[in-house]
Amino acid sequence: MPFPLHWHTEPFLLITILFFGWGYAICVGPLRERLAPLHTPYPYKQACLFYAGLLLTYLTVGSPLDQIGEDFLFSAHMVQHMLLIYALPPMFILGTPHWLVDQWLSKRILHKICKVAFNPAFAGFTFTFLYTVWHIPTLYELALNNKTVHVIEHISMFLPGLCMWWALLSLSHKIPRSAYGVRMLYVFLLMIGQLPVFGFLTLSEEILYPTYEFAPRITSMDPLEDQIIGGLIMKITNMLVSLFILCVCFYQWYQADANAPEATIQEKQDLAIKAQHAKL
């Protein structure tokens, strides 16, 4: 059987990606003088990261990876989900300047909604719940066989993933990232939260999703091996990302504590200088 090489060109997908690319370009370009503080330079590095995220979005849901994951291999579908959860949200969060985010969050209603949505407890629970529910065989099969449900599945993984990452990476001054200790506990609990799905996929002795059981084989893996590898991809990705975040948080926390006395001394010196100038 020829290897599937279908690229999606659906108007909804292309228009959505182009719309966000155009909107970003307008906001950081012509509208920057109105939205950002005076003399704010063009965010070249962040723009590259944001547009790389848009490109990766298309490669994730528009490239042959989508067809392979939908019709042939559970492990390919899991790779797609990992990109939606662990790659795209950080790219968009870090690729958007804080002043642009804060302009949107200055709207009272949006600020209230986002404050709840980005709360670590709410975001972590919502993400874990939806991610678990979508792997129930009935719903998973429904998503594989219905294009609309499949799109909803991907959106309901990406958006909660974005909310989940906010507490870890936010650049916003209005809804900043959580404290170091909260972030570390948060990441640890998210690791624990994925264990039931991981066990469900890798310890099962039967094939959970009929689509992959009866799909034409395009690799040497049998359906059960494919299912186990998909579960391993999920857990290994989660563990590697989580351990990296824990290490970075611990290091930054240590550096912040180590530099705190120096910062305090410097602040006292600055206050003394200002007091002397005031007397003069």
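Criterion first (at pLDDT 95 or above and either among the aliphatic types (A, V, I, L, M) or surrounded by fewer than 16 Cβ atoms within 10 Å (Cβ to Cβ) (or both)) does Leu105 satisfy it?
Numbers: at pLDDT 95 or above: no; either among the aliphatic types (A, V, I, L, M) or surrounded by fewer than 16 Cβ atoms within 10 Å (Cβ to Cβ) (or both): yes.
So Leu105 does not fit the description; no.
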Members of segment 81-96 that are over 20 Å from Leu243 (Cβ atoms) and free of Cβ contacts under 8 Å to residues at least 40 places away in the same chain: none
Those residues of segment 127-155 which are of a type in the set (S, T, N, Q) and buried (at least 18 other Cβ atoms within 10 Å of the Cβ), in sequence order: Thr128
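Is it true that Pro223 is within 17 Å of Ser75 (Cβ to Cβ) and either modelled with pLDDT of 90 or more or in contact with a strand residue (DSSP E or B) (Cβ under 7 Å, 6 or more places away or on another chain) (or both)?
Details: within 17 Å of Ser75 (Cβ to Cβ): yes; either modelled with pLDDT of 90 or more or in contact with a strand residue (DSSP E or B) (Cβ under 7 Å, 6 or more places away or on another chain) (or both): yes.
Yes: the conditions hold for Pro223.
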Criterion violated by Pro216 - all others in (1) under 21 Å from Val182 (Cβ atoms); (2) loosely packed, with under 15 Cβ neighbours inside 10 Å; (3) in contact (Cβ under 8 Å) with a residue 40 or more places away in the chain satisfied: (1)
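Give the residue that is surrounded by the most Cβ atoms within 10 Å (Cβ to Cβ), with candidates limited to residues of segment 156-206 that are small (Gly, Ala, Ser) and over 27 Å from Val248 (Cβ atoms).
Keep residues of segment 156-206 that are small (Gly, Ala, Ser), which gives 156, 161, 167, 170, 172, 178-179, 181, 193, 199, 204.
When the remaining residues are screened for being over 27 Å from Val248 (Cβ atoms), the result is 156, 199, 204.
Details: Ser156: 18, Gly199: 12, Ser204: 13.
Only one residue fits best here, namely Ser156.
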Residue ranges of helices (runs of 4 or more DSSP H) in segment 23-79 with at least 3 members at pLDDT 95 or above: 44-61
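Having 3 or more residues that are of a type in the set (Gly, Ala, Ser) is the bar; report the helices (runs of 4 or more DSSP H) wholly within segment 176-238 that clear it.
Numbers: elements: 180-193, 195-202, 210-213.
Qualifying helices (runs of 4 or more DSSP H): none found.
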Flag if Ile93 is surrounded by fewer than 16 Cβ atoms within 10 Å (Cβ to Cβ), assigned to a helix (DSSP H, G or I) and either touching a strand residue (DSSP E or B) at 6+ places or on another chain (Cβ under 7 Å) or of a type in the set (A, V, I, L, M) (or both): no
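The values are calculated or read from the model by the stated rules, or taken from the named source; none is laboratory data. Because the structure is a prediction, the values reported are computed rather than measured. Cβ coordinates were reconstructed from backbone atoms using ideal geometry, including for glycine residues, and neighbour counts include every protein chain displayed.
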